[in-house]
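Right, one structure below, let's go through it.
The values are calculated or read from the model by the stated rules, or taken from the named source; none is laboratory data. Everything quoted here is computed from the prediction, not taken from an experiment. We place every Cβ from the backbone using ideal geometry, glycine too, and count neighbours over all the protein chains shown.
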Amino acid sequence: MKNLSTNSVIPEGELRCVWMDAGVTGFKLCDQEFRCETCAFNTHIAQQTKENSTSYAQQETPLSTDGRAMTADALFNNILKRRIDTLRSINIPQDRTFSRGQYWIQQNATGNYRVGINHILANFFQPVLSIVVSKAPVNIQRHDPFCWIILPGGTITLRSPIEATITRFNPALQQKPNLLSASPFDDGWIMEITAKSKGLSNFTSSTDSQRLAKRTLHNVEHILKQTFRHLQPSAGTTLFDGGLSLSTIENILGPTIYREVVNRITHFPL
């Protein structure tokens, strides 16, 4: 990708698009004099964000004990346990190989390979606001950035698990970015590559990866609990203005801290 100039094209003190400041779009000239209520771009992005957030919130509803309000600690541990238990119950597909960094690779009929992320990483990429990819075709080295996931708290960078030539990216992800988290082993694949055989030695069988996934989940659970304890919340079940229950890990930790945690999970050793 090309380096961007450090000189701002927006004069100091001028208004900026709220979605630009949020990291959803890299550059936005406004022809509405920043009247967001009349902006078609604002309407589209706001609706997409609402749909993504609603879908995500519906997946995790906090449970109470005997109808009584739960403490913050009990609420968080309950939600986390349900989420980790669900991920532990998922069987990894047998028709591909996996890297330690939570990527999978699968050869297709053309002799090229498709690359995607596993169910653990995908589960924590929620809600996905948008996905930005580099240009293709392009040669990449192992650990090179190739994809950027835009979450409410900021951007997560994906780095290649293999030296390869990217031939194309999944076009469906541009229109439906949540495919990445909803269908990581199928429709949510990220890119197609041509690769040298020596690069494939970094990938292991699904059987070995199933054992590795259990270890990864243990580490993920530890990181999330450690982060929550560090916050030391004193409230119980809490509501945002407007009555939205803090019923997800993202909402409890807050989007910025949640993104930092997901970033750590993403960059486990490749």
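What to note about this one:
- Among the residues of region 168-190, the ones that are out of contact with any Lys or Arg (no Cβ under 6 Å at 6 or more places or on another chain) and within 18 Å of residue 93 (Cα to Cα) come to 11 in all.
- Residue identified as closer than 22 Å to residue 219 by Cβ and modelled with pLDDT under 90 among 53, 99: 99
- Residues of region 165-184 that are touching a helix residue (DSSP H, G or I) at 6+ places or on another chain (Cβ under 9 Å) and farther than 15 Å from residue 124 by Cα: 170, 172, 173, 176.
- Residue in region 134-143 that is under 17 Å from the mean Cα position of the chain (by Cα) and either buried (at least 22 other Cβ atoms within 10 Å of the Cβ) or at positive phi (or both) present: no
- The helices (runs of 4 or more DSSP H) located wholly in region 199-270 that include 2 or more residues which are modelled with pLDDT of 85 or more and among the hydroxyl-bearing types (Ser, Thr, Tyr) occupy 206-231, 255-266.
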